Each structure stands twice: as structure tokens, then as C-alpha cells.
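A.B. asks: Before I ask anything, let me first share the structure, which is written out below as C-alpha cells.
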Amino acid sequence: RGRMTAALEAAAASFPRDGRLAQAFALRMTLPRAGAGGREIERALATAEAALAAGDYAQARAGFGEVTRKDPLNADAWASLAQAQSQLGDHREALASVARARAIEPVDEELRVLALDVELRANPKLALSSPDLRTRRALAEDYVMRAVAALSAGNEVAAKRLCDTAAALDEANADAYYIRALSFSEPDRAIPDLQRAVERYRRRYQKSGSDSDGLNLARAIGLSASLRVAKAVKASDGIELQRLLAEVAEARRLEPLDPGLLANEVNIRIVMEIQNRTQGRPTNTDLMLDQANRLVRRHPDFAAAHQMQALAYRVAGRSGDAIGALTAALKRDPTFASAYAQRAELYVELGLCARARADAAEARRWKLRGQDHLERELAKCPT
């Protein structure tokens, strides 16, 4: 659908239901141009659009400027010209161009959002204080989508900056906080944003009850809990581990099919088991193993499930079963570097040095780093 169709629909929807035409509305059409002149405009428009998509804003500005001079009622060209001008810092000109586009198509919602985006670059304080909450929210969603694209391209700095803007436009936008959390490599910086995202997703889910909102909430809870486990272990905070266990259980109720959430729960139980043993407190080894085995039964093709089961067996002192679980993980994913390293450690403990060295070589082959401990243990192993 083009802008013209949207304009017609919006204008029709604004009519009173009693049949009276009670308001005037602006509606202008750009008629197709025949002959060489029309084809020339089409070529100029295509060239300018390609330049805008490629980020060549100077060429896009020149191209759309040419189109608007020859076809001054082309709202799309004025809108695209405004985008190019805004990106180049020509704020006054951009504001004038988007005003021309809106004069041609005054009921176009996309142009309302574009106008606020242009205003945001020209005068951030004024744009962020706009009373038009609906348009601010729409623009915030646009910025989040740009942030997702930046993060996918590996540009964490740009993703964070775009999410900053999205959150400033709409403080209730949970996605802005979640995506910004993903842009941080340090857990201490990511955790506060994840907790903000959880709060907002929870409010949204309580209001809507929709599956998609429930899945978003589960995803945010799971990631937040997984990052906070390490902090709780370092602080020997058993109360926090219990709290995390409850949070992950909530997430699993929302998304029971996600193997990562159940793996997260098993991981917390393993951590609690180790911590209780270290501190001389009562343990619950059977529950830990039951949870690990349930994870494998529910998700038999999930390699990390078998790795988690191996860790549980190892904590329980069942090295042979742990090796079997790691072998099952590697059958499902022969590139699973950390599984090779963990199996090598077990082989060292059992004195099977040739097998340990073979697994260590595989771990190195698949670029596993940070295995100084394994290398020291291998050095002690008889040749």
C-alpha cells in the first residue's frame, strides 16, 4: 500500500457515521507523468533512494532535491529529502521539507513520526517533551528496530545510543532496555537494564495477557537470572540464589518449551549444591540430579542439556556418568569446545592421559580460550 491509499483510508475513517460530511480535509494527488519527463523523474528518484539506503546522504539530498523541483507535489520525495537533510545536519531545511510533505498528505501517520524524528535531531529537548505520546511511542519503536539492526551488525555502540534515545522517547518501552542490555559486554552494566525490562514486560503482560508479552517477559527473566548467578556465587549469597530459582521457575511457567530456561534452573541448583557442600550446609544431591535428568529427557537434542547433566554428575562424584553425558553432548554438537575441555579434565582425574590430550587438542581446535587450568593439569599427566 502506498501513502495515497493510507491517506484515503484515514480520511474516510474520519467521516461522521450519520452520513454528513462535517469536516474538510486536504487531499492532493500526484498524477503519473507520461513521456520522457516522467521517466527522467523515476530514474532520479530511484538513484536518490539507492543513495539514501546506502547512507550517501549528500547524493540523496541532491537527488531528492531535483525530484521535488520537478515534481513539487511528491510527498514521498519531500519526506526522503527531509531524512537526508536531517542526517547531514541541515535541520532548518529538513524541518521545512517534512512540513511540505505533511502539507501534501496531512493525515499520514508515518509523516507525523518522521516530523518528530527530524525535530529530535534539530531540537532534542523540544522533541522529547512533545505531548504527542502516541507519536513518541511510534518513534521509540523505530529506534529500537534500528538498534536491533546495529546489534546484528556488531555495532554495540550504535545500538546503545539508539536505545538511549528510544528510552528517552518512551520510558515504558521494555524492548529499549532489553536491547541496550544486550549491547553491554559487562554483566554489571547489563543487569540493571534487564531488571528494568523485566518490570516493564511484566506490567505489559499483566495488562495484555498475550503470549508474545509472556515470552518477552520469560526471555528477560532468564537472561537477568543467568547473569546474576555469578554475582550471587561470588558473594556466597544463598538467599539471592533462592530468589533467582523462583524467578526462573516463573519464566518457565510462561515459556515451558525453552530449554535454556530449564538449563538455567539446573545450573542454579548445581551452584547451590556446590555452595552448600563448601559451607557445610545440608545438600540435596538427588533433586539436583533429578532436575538435570529431566532437562535431558525434555530436550534430548539440546547439547547443552547433556553438558549440564555432566556437571551435575561430576558434582555428585559420578565421573563415569559425567563422561557419558559429555560424549552425548559431543554427538549432538561435534564443535562443542567446552564439552571437550570438561571431558579432558575428567580423563586427567582418571589417569587417561592420551584421551585427555586428544580432547584438549579438540578444544583448542574449536578456539576455546581461558583453559590455563586444563593445561596445567595436562602437564602433570604422565606421557
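A.B. asks: Quick one: would you say Val98 is of a type in the set (Val, Ile, Thr), over 23 Å from Cys163 (Cα atoms) and open to solvent by 20 Å² or more (accessible area, probe 1.4 Å)?
C.D. replies: Numbers: of a type in the set (Val, Ile, Thr): yes; over 23 Å from Cys163 (Cα atoms): yes; open to solvent by 20 Å² or more (accessible area, probe 1.4 Å): no.
No, not satisfied.
A.B. asks: Quick one: would you say Leu346 is farther than 22 Å from Asn264 by Cα and either small (Gly, Ala, Ser) or in contact with a helix residue (DSSP H, G or I) (Cβ under 9 Å, 6 or more places away or on another chain) (or both)? Break it down stepwise before answering.
C.D. replies: Working: farther than 22 Å from Asn264 by Cα: yes; either small (Gly, Ala, Ser) or in contact with a helix residue (DSSP H, G or I) (Cβ under 9 Å, 6 or more places away or on another chain) (or both): yes.
So Leu346 fits the description; yes.
A.B. asks: To continue, here is another question. Consider Asn267 carefully, then state whether it is open to solvent by less than 60 Å² (accessible area, probe 1.4 Å) and farther than 27 Å from Leu162 by Cα.
C.D. replies: Considered against the rule, which asks whether it is open to solvent by less than 60 Å² (accessible area, probe 1.4 Å) and farther than 27 Å from Leu162 by Cα, Asn267 comes out as yes.
A.B. asks: Moving on to the next point. Consider the range 223-241. How many of its residues are in contact (Cβ under 8 Å) with a residue 12 or more places away in the chain and either surrounded by 21 or more Cβ atoms within 10 Å (Cβ to Cβ) or closer than 20 Å to Gln279 by Cα (or both)?
C.D. replies: Keep residues of the range 223-241 that are in contact (Cβ under 8 Å) with a residue 12 or more places away in the chain, which gives 223-233, 236, 238, 240-241.
If we keep only those that are either surrounded by 21 or more Cβ atoms within 10 Å (Cβ to Cβ) or closer than 20 Å to Gln279 by Cα (or both) too, we end up with 223-225, 228-233, 236, 238, 240-241.
Of the residues in the range 223-241, 13 are in contact (Cβ under 8 Å) with a residue 12 or more places away in the chain and either surrounded by 21 or more Cβ atoms within 10 Å (Cβ to Cβ) or closer than 20 Å to Gln279 by Cα (or both).
A.B. asks: Wholly within the range 246-328, which helices (runs of 4 or more DSSP H) include no fewer than the required count, namely at least 1 residues that are over 30 Å from Ala358 (Cβ atoms)? I'd like the intermediate steps shown before the answer.
C.D. replies: Values: elements: 259-278, 285-298, 303-315.
The helices (runs of 4 or more DSSP H) meeting that bar are 259-278, 285-298.
A.B. asks: Kindly indicate whether Arg33 is modelled with pLDDT under 95, among the charged types (D, E, K, R), open to solvent by 40 Å² or more (accessible area, probe 1.4 Å) and part of a helix (DSSP H, G or I).
C.D. replies: On the way: modelled with pLDDT under 95: yes; among the charged types (D, E, K, R): yes; open to solvent by 40 Å² or more (accessible area, probe 1.4 Å): yes; part of a helix (DSSP H, G or I): no.
The answer is no for Arg33.
A.B. asks: Taking the range 354-383 on its own, how many of its residues are among the small types (Gly, Ala, Ser) and assigned to a loop (DSSP other than H, G, I, E, B)? Please lay out each step first, then the result.
C.D. replies: Initially, the range 354-383 is screened for residues among the small types (Gly, Ala, Ser), giving 354, 356, 358, 360-361, 363, 370, 379.
If we keep only those that are assigned to a loop (DSSP other than H, G, I, E, B) as well, we get 370.
Qualifying residue count for the region: 1.
A.B. asks: Same structure again: Of all residues in the range 317-342, how many are more than 33 Å from the chain's Cα centre (by Cα) and either touching a residue at least 40 places away in the same chain (Cβ under 8 Å) or open to solvent by 30 Å² or more (accessible area, probe 1.4 Å) (or both)?
C.D. replies: Keep residues of the range 317-342 that are more than 33 Å from the chain's Cα centre (by Cα), which gives 317-324.
From what is left, the residues that are either touching a residue at least 40 places away in the same chain (Cβ under 8 Å) or open to solvent by 30 Å² or more (accessible area, probe 1.4 Å) (or both) are 317-321, 324.
Within the range 317-342, residues that are more than 33 Å from the chain's Cα centre (by Cα) and either touching a residue at least 40 places away in the same chain (Cβ under 8 Å) or open to solvent by 30 Å² or more (accessible area, probe 1.4 Å) (or both) number 6.
A.B. asks: Can you say whether Arg314 is touching a residue at least 12 places away in the same chain (Cβ under 8 Å), under 27 Å from Ala363 (Cα atoms) and basic (Lys, Arg), as far as the supplied structure shows?
C.D. replies: On the way: touching a residue at least 12 places away in the same chain (Cβ under 8 Å): yes; under 27 Å from Ala363 (Cα atoms): yes; basic (Lys, Arg): yes.
So Arg314 passes the test.
Residue by residue, here is whether (1) farther than 18 Å from Gln83 by Cβ; (2) surrounded by fewer than 17 Cβ atoms within 10 Å (Cβ to Cβ) holds:
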site	(1), (2)
Val107	yes, no
Ala115	no, no
Leu126	yes, yes
Met145	no, yes
Glu156	yes, yes
Thr165	no, no
Asp175	yes, no
Asp193	yes, no
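A.B. asks: Search the range 249-272 for residues that are touching a residue at least 12 places away in the same chain (Cβ under 8 Å) and pair each with any residue that is hydroxyl-bearing (Ser, Thr, Tyr) when their beta-carbon atoms are under 8 Å apart and the residues are at least 6 apart or on different chains.
C.D. replies: Pairs that qualify, where the first residue is touching a residue at least 12 places away in the same chain (Cβ under 8 Å) and the partner is hydroxyl-bearing (Ser, Thr, Tyr), are Leu254/Tyr205; Asn264/Ser226; Asn267/Ser226.
A.B. asks: I would also like to ask the following. Residues being β-branched (Val, Ile, Thr) and more than 20 Å from Ala77 (Cα to Cα): count how many of those fall in the range 104-146. Write out each step before concluding.
C.D. replies: Here is the first cut: in the range 104-146, the residues β-branched (Val, Ile, Thr) are 104, 107, 113, 118, 135, 144.
Retained after the next criterion (residues that are more than 20 Å from Ala77 (Cα to Cα)): 135, 144.
Number satisfying all stated conditions: 2.
The values are calculated or read from the model by the stated rules, or taken from the named source; none is laboratory data. Since this is a predicted model, take the numbers as computed values, not measurements. Neighbour counts run over all protein chains shown; Cβ positions are idealised from the backbone, glycine included. Note: areas computed on protein heavy atoms with side chains; ligands, DNA, RNA excluded. Shrake-Rupley method; radii C 1.70, N 1.55, O 1.52, S 1.80 Å.
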